[in-house]
Amino acid sequence: MIIDFHMHLFSKDIRENRAAFFPSEPAFRLLYDSPKSRIVGAQEAVHMMDEEGVDKAVVFGFPWQDAEIFKKENDYIAEAVQRFPERLIGLACFDALHPEAAKESERCLANGLSGVGELAFYRSGIDNACCDALKDTMALCREKNCPVMIHTNEPVGHIYPGKSPNTLAQIYNLLKQYPENKIILAHWGAGIFFYRLLKKEVKDVLKNVWFDTAASPFLYTPEIYRIALQLTERGKILFGTDYPLLKPTRYFKDMDASGISEEERKAVCGGNASSLLGRKCA
């Protein structure tokens, strides 16, 4: 089974008039101002999955600041899951700093979504205020045994739209603050898994952390797969495309060139996600 763990979907209102949302949503404009930045809905995503041989996908929207928008978009994700129950698994997405964030998490989980994410802090990085703002949402997800996906990016290298000022220390502090939560760090977790080689503390802090491959062909050489599998705990790498940014084929080519085994590839492409999601992939 192939499971894409990182896919963004948008309602018809967003798809047909994205510019109308730019004035009140600067982070959305930052990522989607360019006409080359594609946005898609559920039907197009499932069609792509059929073409590329993807069995299931974990889907979510965008961390909107406006409560009216994130509620409507989360409802769209819930409707998409109801429409394609065998193909799509939904997460709730919103601005984690919004006063209604925890309430929205509770509403969405009650409405059939399976976790929270991709939460992002594009302008601030994951500072102490952001970590503290996650307290109630994290508590709910611990209680429900639901995963939380956090946007991360490498703190060095070239600049691109959506690259936040997060640091490795910020990411690590977040993980230390919520050690019992199941946390997925998007975009390889900024490479923080390297520090599992340290003799003290880090392995314990990362015990409930997974890493997805989203945007990898734009960021890393194919060797990232082999090296990450060596440095992470077994079962912790999740295939994610960031579609519609990229299609699965681009990732499969990198996996072909990476030198990982067929067993490792099957685990990355779906086995690890199945274990994490449990009955959702039955």
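Residue check: is residue 29 out of contact with any Ser or Thr (no Cβ under 8 Å at 6 or more places or on another chain), in a helix (DSSP H, G or I) and of a type outside the set (Ser, Thr, Tyr)?
yes
Could you check the range 1-26 and list, in sequence order, the residues that are assigned to a helix (DSSP H, G or I), touching a residue at least 24 places away in the same chain (Cβ under 8 Å) and surrounded by fewer than 19 Cβ atoms within 10 Å (Cβ to Cβ)?
Listed by number, the residues that qualify are 12, 13, 15, 21, 26.
For residue 260, work out the one condition from (1) in contact with a Phe, Trp or Tyr (Cβ under 8 Å, 6 or more places away or on another chain); (2) within 26 Å of residue 89 (Cα to Cα); (3) among the β-branched types (Val, Ile, Thr) it doesn't fulfil.
Failed condition: (2).
In the range 93-108, is there at least one residue being of a type in the set (Gly, Ala, Ser) and under 21 Å from residue 248 (Cα atoms)?
No, the range 93-108 contains no residue that is of a type in the set (Gly, Ala, Ser) and under 21 Å from residue 248 (Cα atoms).
Find the residue count for the range 256-282, including only residues that are among the basic types (Lys, Arg) and either outside any helix (DSSP H, G or I) or modelled with pLDDT under 95 (or both).
Number satisfying all stated conditions: 2.
Could you list, in sequence order, all residues of the range 34-76 that are in a helix (DSSP H, G or I), under 19 Å from the mean Cα position of the chain (by Cα) and more than 19 Å from residue 112 (Cβ to Cβ)?
Passing the criteria: 48, 49.
Which members of the range 219-235 meet the condition of being in contact (Cβ under 8 Å) with a residue 40 or more places away in the chain and either among the aromatic types (Phe, Trp, Tyr) or under 14 Å from residue 275 (Cβ atoms) (or both)?
Listed by number, the residues that qualify are 225, 235.
Cβ-Cβ below 6 Å, separation at least six or inter-chain, first residue in the range 257-271 and under 19 Å from residue 214 (Cβ atoms), second assigned to a helix (DSSP H, G or I): which pairs?
Within 6 Å, the pairs are 258/225; 258/226; 260/225; 260/226; 264/229; 265/255.
Report the residue count in the range 133-153 for those that are in a helix (DSSP H, G or I), touching a residue at least 40 places away in the same chain (Cβ under 8 Å) and either over 12 Å from residue 102 (Cα atoms) or not hydroxyl-bearing (Ser, Thr, Tyr) (or both).
Going through the range 133-153 one residue at a time, the tally reaches 2.
Looking at the range 159-190, which of the residues that are among the β-branched types (Val, Ile, Thr) and surrounded by fewer than 17 Cβ atoms within 10 Å (Cβ to Cβ) is farthest from residue 115 (Cα to Cα)?
Per the criteria, the residue is 159.
Can you say whether residue 221 is within 16 Å of the chain's Cα centre (by Cα), part of a loop (DSSP other than H, G, I, E, B), under 21 Å from residue 153 (Cβ atoms) and of a type in the set (Val, Ile, Thr), as far as the supplied structure shows?
No; evaluated as a whole, the condition is false for this residue.
The values are calculated or read from the model by the stated rules, or taken from the named source; none is laboratory data. Please read all numbers here as calculations on a predicted model, not as lab measurements. Cβ: placed from backbone, ideal geometry, glycine included. Neighbour counts: every protein chain shown.
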